[in-house]
């Protein structure tokens, strides 16, 4: 319990302290970055220490268990992102410690979402991570692209949070309280389900749909990714999403797990998943800009994750968390590769990557591994996530959904392999000059690949840990066939 | 100290050797990498020895004489029960039934008492040592844990594999010297050993399968080590394809086991099998046959033996590795592990027949060859046949006894042949020139290995082969068909003694003379067997052109040390399975309540008969090749038939390649014109839709907002009305 | 008739004013006027909160929503020199109506029915009780100044603390995004962050 | 008699108006104003529900919504100023560089 609290405090105070010392350390990028990284790593460790110690913080936040697992994933994401930023700090206005604080706050927001046991803290967590990412996306204030991306993201985000909040207010009315247990108890005791529940649920899903970039709430994703600083896009593509997907699973199972309700949200999630996977993959097919391509790819990936939630079983939720973990390593790795290569003078278009296998074989190899993991090639993290998600869907009787998901994986191969083929089999456009990728970037990439390989080959311990964390929820999930 | 605390190092160290050799092998100096591998494997071997001793320490100890009494008492039970059930069926009086029941109860009580008495030392609490850590967990199912199982059988195998691999490594240090890819060779062969060690230590079938496949890959790489030779390329492909085909059976078998048992844990399977499969012999037979298919591929049983002979394209240490310690032993090991399932089904007689026929067939082919490695390869096929014969005749302990004994003497023979090739520069036994004059160590160790192979008292092969033949004899009581198999076994033993003596006599005793095989146009290797063109052959001939030394020389200390250690092992090892030591081995490795031992009275006749058979084989060889008293010219047709291995390979190529190609042509057309077009069309469709959807992304904020809000409203309406309904 | 009890009358009156002002705020071309309409609309909503028996929310509504936010908005309207919105694009209005009307219909169809509790039956919330809820833990027993003890229902102290961080983020974010010239940029005039995104600069 | 439905209806109407504004306005500041209306509609909902259930937590929730909405306005206006600085106008029109 204490450890979880320490981890949360680290994220909150660490971020604030980084801001506070910003003026002192302004000229010392290594110190600030190291501080940010240290905070993230320490938080990761403390979350890891605490995941078997459940508790409640100030009545509003579930410590340990699921929230610790979520905290670990988000701290890890923060650490990897900070490493990516460190690789070329002057890109992010060197010494400006704000970026590290914002990254840490994004992680804090995600952790709060996951551990929240009531709608208020859930909302606050979502807003905290949203505001931090709005600012990160618009971080290049003198850049039209960055500002455009941030504005689109902000306006749509404001709309989404209004929809979400409206949904929450209706759920509050239907459930007679803000706490999940209150809602679950009220609904279970009701003779007929309150009418406000349904619009509340719909708007809630719409709001989360925006956060998770589910089609048709996804339009902001590619634009925001393309315009944002690359590491901000990396964070955006995994941090709030990992937080939101686990938080959504937590909310749906704990507050709205009643069978009469779960049938409805499962149906809605199935439709959203099918739409998201299909449209995301199809839109990704012909993308020329790599960040846009990864943007659409992340849309499709999230569609696949949702399949696990749609299954509505404990195994499905377990698979979702494993997927999120592997996806964090993979996607941050992919974006870090792009950022590192970009810093080394390689463009962001797919065509710029021609012949990269010769010019910078190490980075190209690592990038290839990330792409393969995204595509879901066995022994890599992406495969493990997909496998267990699909399995949970099949076990829940969602054969058609699983089939569509598998077909979509095949479509996805086209665009991932297009990049890989470009790198390894096509000659470079300009003279094949070697590209230098700096050591920190390589470290970040190597860490990512290690994560991808370890999760891909030995998913067991991770699944085990997740299962332990989910154990207390077991009784609350009324669905399960 | 629990052996589990260090056992994982045993396969890990050679694997580390692989890694280090691959990464730094070329920077460690001329032989640095090689010695590193040897050192790591030596550590493994020491650990394996410690493991074996500790398992021995923890295993129960039985009093042999008392065990016989137990067995006798056990045998007395079924007839009594039969009488009782008959009496019940006949409607005998209550008193009679009660009396019979009391008698049975008394017998059972006595049996328990005897069992208790026979057990001199209780097994340790944690025996057999096993570990289990979660690996692949699946919510709601058992999943597949990662774990080791260190029972006596595994410990014995680990010891044998590590020791033999160590000696082969040591041998290779000298033998492979000067090779271009010297460190790569050590990397491969280390991983090969690691895979086998990992396999015999695996606690579940899935892990076992992983190592099994790793071994397949390593054998592929090692057989094709001289990858510039076309024949090596062909051989590696052939080995891979044939074993892969067989692995398919194994894979299906493992799936079936998971279905039937809900677990792949070997311990659990052993415990569950008698209960689960009691009424379903069909399942047990099916699983048994599928596993056997896998084992046939790996252990080169007829008709899947075709790859083994061509695997001789690899360097000689590789052959020793494949033929003794690792690859081929895997199949026998698997079958022995799966024995609880096998004995519940009806697959055993088939296995016995396949094994027996393979033993005879291969032993008959061996005398027709002049290439020493090929002779030994046939010998391996034949000896493996013996092992399967033993397995099929309910003597699985006999089979693994022979497996270990064979590992020692066959690696000895292979390494000896390597030494001979090294010293004389040729593989043709006729071209070797009175090697006994030049290579004393090689000669004596070869003699020891040969005698062991021929089954001469008191070498290891004698004891183990006799155990198998004894099992076959005992199986007669179950099925009369085993009588014929017993004859086949003796015939194969006779031929074995004949061909190994012939090899020795020609290579060591005789002066160099033109090889009769060189003249024939169907000579060694060649077109049909490996499906090579004449150009390929010519190219290969150029590649491996080297001088034969007329005056051979003895090999250096690496090789002779390896040979002598193996020679001692091949001599001594058999003793622990002999009646002299109270069949210590059989008492150590067993399943069931008490070890099933045989009294000496049941064995001595078999000993005499097989000694006579072996001696007659040797005598015949001496008459034919030693002093040429007997001049016997085999008909050319027969020789050709044998030389071409009964044209089996050609048949495979003909039937597999020919019709398939013909069939493939229309299929290819169909594939190109219809399937591909369909796929292209689908891809085109996907691209078009993708492009259209891409344009939906207009980049305009208001459009995005409209879509989102509209979607939210649609969701609202759908859920609200849907939820209300 | 009960329908014309004073509080009912007040509700309809205030609601009508708020709705009309809100419509004005989203349709007027003159943005300053729109902001003013917004301010007065929020002002009238404070009346609704008063009516509901939640005086503290009403006061906060007056101060923040009706006071501060419209003023800041007007400032920005002035600063961005966009006093007049580019006027009424009929397509925009049509689409917006097409989305908003179904939403209204959907929202209206799911009121809890029948609603039996009248507003008069509810107890107004004291500021003290609100404060206790805001700054304590769920389930805590608190003695009020009146001597009564109350059990805290929600207890949002943690959310309160986190909100501080949100405000901090917003504060820092506004500085990052809007300060006129980046001091740091001047300091390191060598590196231009404008490099990122250059590839797409061709206005694809 | 005033029931919960009256207040929910007011909230729904205000929400619809806000949504209309958000979707029909092109000026970013006007869009932000619409967002404010949306949030106030929710406020009405939350406070009403809280009062009718005699729950203080709804009122507390309302306080948080007001505070967070203020933060949102701050971020949004800063961002729009930036849009204006870079494009000369603060409308959605120039924001279409990235597409497809």
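The values are calculated or read from the model by the stated rules, or taken from the named source; none is laboratory data. Owing to the predicted nature of the structure, the values given are computational and were not obtained by experimental measurement. Every residue, glycine among them, receives a Cβ derived from its backbone with ideal geometry; neighbour counts consider all protein chains shown.
In table form, for the structure just shown:
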read-out	value
Candidate set from the stretch C:145-188 (those that are at pLDDT below 80 and within 7 Å of chain D (Cβ to nearest Cβ)); member that is farthest from residue A:133 (Cα to Cα)	C:153
Helices (runs of 4 or more DSSP H) contained in the stretch A:286-372 and holding at least 1 residues within 22 Å of residue A:89 (Cα to Cα)	A:290-311, A:314-343
Sole residue being surrounded by fewer than 24 Cβ atoms within 10 Å (Cβ to Cβ) and in contact with a helix residue (DSSP H, G or I) (Cβ under 8 Å, 6 or more places away or on another chain), chosen from A:301, A:266	A:266
Boolean, residue B:687 is at pLDDT 65 or above and surrounded by fewer than 17 Cβ atoms within 10 Å (Cβ to Cβ)	yes
Test: residue A:182 is at pLDDT below 95, in contact with a strand residue (DSSP E or B) (Cβ under 9 Å, 6 or more places away or on another chain) and more than 22 Å from residue A:298 (Cβ to Cβ)	yes
Only one of D:62, D:16, D:48, D:90 that is crowded, with 24+ Cβ neighbours inside 10 Å, facing another protein chain (nearest Cβ under 7 Å) and in contact with a strand residue (DSSP E or B) (Cβ under 9 Å, 6 or more places away or on another chain)	D:90
Residue match in the stretch A:398-413 (condition: crowded, with 18+ Cβ neighbours inside 10 Å, at pLDDT 85 or above and within 30 Å of residue A:345 (Cβ to Cβ))	yes
Residue within the stretch B:231-240 that is in contact (Cβ under 8 Å) with a residue 24 or more places away in the chain, part of a helix (DSSP H, G or I) and surrounded by fewer than 20 Cβ atoms within 10 Å (Cβ to Cβ) present	yes
Those residues of the stretch A:237-260 which are part of a helix (DSSP H, G or I) and more than 18 Å from residue A:326 (Cα to Cα), in sequence order	A:248, A:250, A:251, A:252, A:253, A:254, A:259, A:260
Criterion: more than 8 Å from chain D (Cβ to nearest Cβ) and touching a helix residue (DSSP H, G or I) at 6+ places or on another chain (Cβ under 7 Å) - qualifying residue of C:127, C:99	C:127
Qualifying residue in the stretch C:60-82 (condition: in contact with a helix residue (DSSP H, G or I) (Cβ under 6 Å, 6 or more places away or on another chain), modelled with pLDDT of 80 or more and within 30 Å of residue B:716 (Cα to Cα))	yes
Subset of the stretch A:194-209 [within 27 Å of the chain's Cα centre (by Cα) and either at pLDDT below 85 or more than 8 Å from chain B (Cβ to nearest Cβ) (or both)]	A:200, A:204, A:207, A:208
Filtered residue count, the stretch C:23-51, keeping only those that are part of a helix (DSSP H, G or I) and touching a strand residue (DSSP E or B) at 6+ places or on another chain (Cβ under 8 Å)	1
Residues satisfying the stated conditions in the stretch C:52-77, i.e. in contact (Cβ under 8 Å) with a residue 40 or more places away in the chain, assigned to a helix (DSSP H, G or I) and surrounded by fewer than 22 Cβ atoms within 10 Å (Cβ to Cβ)	C:55, C:56, C:74
Matching residues in the stretch C:1-33 - criterion: being modelled with pLDDT under 90, within 7 Å of chain D (Cβ to nearest Cβ), over 30 Å from residue C:129 (Cα atoms) and crowded, with 18+ Cβ neighbours inside 10 Å	C:31
Unique residue being out of contact with any strand residue (DSSP E or B) (no Cβ under 8 Å at 6 or more places or on another chain) and in a loop (DSSP other than H, G, I, E, B) when the list is B:478, B:472	B:478
Checking residue A:191 against (1) farther than 30 Å from residue A:291 by Cα; (2) within 12 Å of chain B (Cβ to nearest Cβ); (3) assigned to a loop (DSSP other than H, G, I, E, B), the condition it does not meet	(2)
Check on residue D:98, outside any helix (DSSP H, G or I), in contact with a helix residue (DSSP H, G or I) (Cβ under 6 Å, 6 or more places away or on another chain) and within 13 Å of chain B (Cβ to nearest Cβ)	yes
Residue in the stretch A:219-236 that is part of a helix (DSSP H, G or I) and either in contact with a strand residue (DSSP E or B) (Cβ under 7 Å, 6 or more places away or on another chain) or surrounded by fewer than 24 Cβ atoms within 10 Å (Cβ to Cβ) (or both) present	yes
Identity of the residue in the stretch B:690-716, outside any helix (DSSP H, G or I) and surrounded by 15 or more Cβ atoms within 10 Å (Cβ to Cβ), that ends up nearest to the other protein chains (Cβ to nearest Cβ)	B:699
Filter result for residue B:672 (surrounded by fewer than 11 Cβ atoms within 10 Å (Cβ to Cβ), modelled with pLDDT of 65 or more and not assigned by TED's automatic domain parsing to the domain that holds residue B:377)	yes
